[in-house]
Amino acid sequence: QVQLVESGGELVQPGGSLRLSCAASGFIFSMAAMGWYRQAPGKQRELVATVTRGGSTDYADSVKDRFTISRDNAKNTVYLQMNSLKPEDAAVYYCNTNPPFRVYWGQGTQVTVSS
């Protein structure tokens, strides 16, 4: 069974940094493109960063040059380094494959950006 376990979210001041982690299991992680998604209150879930199985990355314009996605296939883990955080980055962050499993989502990790 697919499991996606996100961690690392917390309250941070504007301009601060966080590193999110996502431990994946139940599928062949090394063969999957992965993504980080986020959902803010009252908004649709959006894709913010992707990494292919080969390590190529792509970002939503809103996070480009501030966020970095990476993966460790030996640990079945995908990371999101978030720098220069803004209040509009506040959301619940999820990882999933790209495109995502429709049925399987983790519990997400809450990122709050506030002074």
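The values are calculated or read from the model by the stated rules, or taken from the named source; none is laboratory data. Given the structure is predicted, the values throughout are model-derived calculations rather than measurements. Cβ placement follows ideal geometry from the backbone for every residue including glycine, while neighbour counts extend to all protein chains displayed. Surface areas here come from the heavy atoms of the whole protein model, side chains and all, with no ligands, DNA or RNA. Shrake-Rupley method; radii C 1.70, N 1.55, O 1.52, S 1.80 Å.
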Original post:
Where a Cα-Cα gap under 25 Å defines reach, which lysines qualify for LYS43, not counting those fewer than 8 residues away within the same chain?
Top reply: LYS64, LYS86
**OP:** Would you work out if the range 20-72 is rounded, prolate or oblate? Take a ≥ b ≥ c from the square roots of the eigenvalues of the alpha-carbon gyration tensor; rounded if a/c is under 1.5, else prolate when a/b is larger than b/c, oblate otherwise.
**Re:** oblate
Subject >> Shape category assigned to the chain from the gyration tensor of Cα positions, a/c cut at 1.5 >> reply: prolate
**OP:** Tell me the trypsin sites (Lys or Arg not before Pro) within the range 1-72 that lie in a loop according to DSSP and have at most 12 other beta-carbon atoms within 10 Å.
**Re:** LYS43, LYS64
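Go through ASP61, ASP89 and list them by solvent-accessible area, largest first, probe radius 1.4 Å.
Values: ASP61 130, ASP89 0 Å².
Final ranking, largest accessible area leading: ASP61, ASP89.
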**OP:** Can you send over the carbon and sulfur percentage of the accessible area for the chain, probe radius 1.4 Å, protein chains only?
**Re:** 47
Original post:
Over the chain, what is the relative contact order in whole percent, taking alpha-carbon pairs under 8 Å and six or more residues apart?
Top reply: 37
